[in-house]
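Enquirer: Here's a structure for you.
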Amino acid sequence: MRVAVFGAGYAGLTVARRLERWLPEAVDIVVVDESPSHLVQHELHRVIRYPDLAETLTVPLGEVLTRATVRQARVTGIDPEAGVATLEVSGERESLEYDFAAVCLGAETAFYDLPGVEEHATPLKRLDHAETIRSDAFDSAGGHAVVGGAGLSGIQVAGELAALSDSEGLDLDVTVVEMADRVAPSFGESFARAVRQELDARGIAVETGATVERADEDGIGLADGRTLSADLLVWTGGIRGPDALGGERRPVNADLVVGDGTFVVGDAGAVTDEWGEAVPASAQTAVREARIAAKNIDRLVRERRDDDGERARLATYSFDSP
Ligand SMILES: Cc1cc2nc3c(=O)[nH]c(=O)nc-3n(C[C@H](O)[C@H](O)[C@H](O)COP(=O)(O)OP(=O)(O)OC[C@H]3O[C@@H](n4cnc5c(N)ncnc54)[C@H](O)[C@@H]3O)c2cc1C
C-alpha cells in the first residue's frame, strides 16, 4: 500500500510526520516536493529586514522526515478518482500511483489578470521575492511603497517596510491598499481591529475599500479613479490554487476528502468547516487541517488492512482561531 503526500509545507510535513509514526512499516510513505527543503513561509517577510534569516527559514526535508521516501519533483496533475499523480522530474513526465494521498501544494499568488500588476509588482511567496523587495526598498529611499492586499502577508510586509525604513533611515512612506472595508478581511473583526491599530501606530497609511485596477511604472490605478504613485509595489492581493489542481483552490468539506481517499489540505483547498464556515488560509489552519487528514488516512489504511466490513468514520475539521 502507498500513501503519497504532495507538498512539504506546513500541511504536508504535519501529515507526513504523523503518518511516519502511525502507519505500519509495510505502508510506503512518499513525500513529493519540488524543493529539497521546507520553507518557513510565515516568517518570509522578516527577510526583508533581516536577510541573514534566509538560511534559518529553509529546513532540508531529510532532517525532519525519518522514514518517508522524499521525491524531488514537480506535481503537474492529480487524478483523485484514479489515485494517480503526474510528476515532472528533470523534464521527464512520470506517474505515481497511490492508495491514499494528502494534497498539500499550497497556493500561488493571484494577479487576477489586472493589467500591469504582475509585471510591475513583486509578490511574496519565495525567498528571492523577499530579497528583491529589500533591495527595491533601498532603491526607493525617500519615496512611496505601496502594498496591494491587506491579508496576513500584506500587513506583515507593510510592517517590515516601515521598520526597515526607520532602522535604515530610508524615509519611505508605506501605504497598504485593501479592496474590502477592513484589513485582514478573512479573519474575525477583533483580530482585524487589532491589526489596524498596529498599522496606524506604525505610521502606515491604510486605504480600505480601494480596489486596484491596474499598475504601471508610476504606480497603481484604483477603481474609484484615483491613482497612487509607487516607487516600490508589492502584490499580496490574493491567492489561487496550484496549477496541479487547475489553478483553483479545490473546495472541500470538513472531512477534507475528494474521491475515495485523497485529502486536500492547507492553502490548496477552499475548506468549509463542520459549522459551514469558510476557513481562512493560514499556516495555523494548514497544520490543524493536516492533523485531521493524517487521522483520516490512518483510519482508511486500517479499514483496508483489517477488511472486516467496518467502515472508517472520517474526522472533521472545525476552525477556531487564525
Ligand atoms: C509573507 C507571509 C506571511 C505570512 N504570515 C502568516 C502568519 O503570520 N500566520 C499564519 O498562520 N500564516 C501566515 N502566512 C500564510 C502561510 O504561510 C500559509 O497559509 C501556509 O504556508 C500554507 O501552508 P501549506 O502547507 O498549505 O502550503 P505551503 O506552506 O505553501 O507549502 C506548499 C508546499 O508545496 C510545494 N509545492 C507547491 N507546488 C508544487 C508542485 N507543483 N510540485 C511539488 N511541490 C510543490 C512547495 O514547495 C511547498 O513546500 C503567511 C504567508 C506569507 C507569504
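Enquirer: Kindly provide log₁₀ I(q)/I(0) values, in the same order as q = 0.09, 0.12, 0.22, 0.23 Å⁻¹, from the Debye equation applied to equal alpha-carbon scatterers of the range 110-235.
Expert: Values returned for q = 0.09, 0.12, 0.22, 0.23 Å⁻¹ are -0.22, -0.40, -1.38, -1.48.
Enquirer: What's the local net charge at THR14, with K and R +1, D and E -1, over the other residues with C-beta under 12 Å away?
Expert: Within the 12 Å Cβ shell, the charges total +4.
Enquirer: Can you pull the semi-axes for the range 1-52, root of five times each eigenvalue of the Cα gyration tensor, sorted largest first, whole Å?
Expert: For the range 1-52, the ellipsoid semi-axes come out as 30, 10, 7 Å.
Enquirer: Hey, what did the chain get for relative contact order, percent, Cα under 8 Å, at least 6 apart?
Expert: About 19 percent, as a whole number.
Enquirer: D for the chain, whole µm²/s, Stokes-Einstein with Kirkwood Rh over alpha-carbon pairs at 10 °C and 1.306 mPa s: what number?
Expert: After rounding, the answer is 76 µm²/s.
Enquirer: Determine the distance separating the Cα centre of the range 61-86 from the Cα centre of the range 115-130; give it in Å without decimals.
Expert: The range 61-86 and the range 115-130 have Cα centres spaced 27 Å from each other.
Enquirer: Using only Cα atoms and rounding to the nearest 10 degrees, what angle (0 to 90) does helix 283-306 make with the longest principal axis of the chain?
Expert: That helix lies at roughly 10 degrees to the long axis.
Enquirer: On to the next question. Given the rule -39500 (n - 2.57) for each run of at least 4 DSSP H residues, summed and divided by the residues of the chain, what is its mean residue ellipticity at 222 nm, to the nearest 500 deg cm²/dmol?
Expert: -8500 deg cm²/dmol
Enquirer: While we're here: How about the range 127-219: which trypsin sites (Lys or Arg not before Pro) there are in a DSSP loop, with at most 15 other Cβ atoms within 10 Å of their Cβ?
Expert: Passing both the DSSP loop test and the Cβ count: ARG202.
Enquirer: Hey, what did the range 110-235 get for relative contact order, percent, Cα under 8 Å, at least 6 apart?
Expert: The value is 33 percent.
Enquirer: What Rg and what Dmax come out for the range 87-134 when only alpha-carbon atoms are used, in angstroms?
Expert: So, for the range 87-134, Rg and Dmax equal 16.2, 44 Å respectively.
Enquirer: Within the range 61-87, find all residues whose amide N lies under 13 Å from a label point positioned 7 Å from the Cα of ASP260 along Cα-to-beta-carbon.
Expert: The answer is 80-84.
Enquirer: Farthest toward the dipole's positive end in the chain, which of LEU164, ALA141, ALA4, given Cβ charges of +1 (Lys, Arg) and -1 (Asp, Glu) about the Cα centre?
Expert: ALA4
Enquirer: What longest range of the chain stays clear of loop-exposed chymotrypsin sites (Phe, Trp or Tyr not before Pro) (DSSP non-H/G/I/E/B, at most 15 other C-beta within 10 angstrom)?
Expert: Maximal segment without exposed cleavage sites: 113-274.
Enquirer: A further question on this structure: For the range 51-103, state which trypsin sites (Lys or Arg not before Pro) are in a DSSP loop and have at most 14 other beta carbons lying within 10 Å of their beta carbon.
Expert: Here the sparse-neighbourhood loop sites are ARG67.
Enquirer: Computed over the Cα atoms, what is the radius of gyration of the range 1-95 divided by 2.2 N^0.38 Å, N being its residue count?
Expert: 1.20
Enquirer: I've got another one for you. Using the alpha-carbon atoms, what tilt in degrees (0 to 90, nearest 10) does helix 10-22 show relative to the longest principal axis of the chain?
Expert: Compared with the principal axis, the helix lies near 20 degrees.
Enquirer: Could you tell me what percent of the DSSP beta bridges with both partners in the range 30-122 are antiparallel, to the nearest 5?
Expert: Counting only bridges with both partners in the range 30-122, antiparallel ones make up about 80 percent.
Enquirer: Just in the range 218-293: which trypsin sites (Lys or Arg not before Pro) are loop by DSSP and have at most 14 other Cβ atoms within 10 Å?
Expert: The qualifying sites are ARG226.
Enquirer: Once R0 is set to 51 Å, what does the formula 1/(1 + (r/R0)^6) return for the Cβ-Cβ distance between ASP128 and TRP275, expressed as a FRET efficiency to the nearest 0.05?
Expert: The pair ASP128/TRP275 has a calculated efficiency of 0.85.
Enquirer: Please compute the contact order of the range 78-184 in relative form: average sequence separation of alpha-carbon pairs under 8 Å and at least six residues apart, divided by the residue count, as a percent.
Expert: 18
Enquirer: What are the residues whose amide H is under 5 Å from the amide H of THR208, where those residues sit 5 or more places off or on another chain and H is modelled from the backbone?
Expert: GLU178
Enquirer: Of all the stretches in the chain, which is the longest one without any exposed loop site, taking GluC sites (Glu not before Pro) in a DSSP loop (any state but H, G, I, E, B) with at most 10 other Cβ atoms within 10 Å?
Expert: 82-216
Enquirer: As I understand it, the dipole of the chain uses +1 on the Cβ of Lys and Arg and -1 on the Cβ of Asp and Glu, about the Cα centre. Which of HIS129, LEU114, GLY309 lies farthest toward its positive end?
Expert: Positive-end residue among those listed: GLY309.
Enquirer: Distance from the Cα centre of the range 260-322 to that of the range 201-224, in angstrom?
Expert: 38
Enquirer: Please figure out what share of the DSSP beta bridges in the chain is antiparallel and state it in percent, rounded to the nearest 5.
Expert: About 45 percent, rounded to the nearest 5.
No lab work stands behind these numbers, since they all come straight from the coordinates. Since we're looking at a predicted model, the values are computed, not measured. Cβ coordinates were reconstructed from backbone atoms using ideal geometry, including for glycine residues, and neighbour counts include every protein chain displayed.
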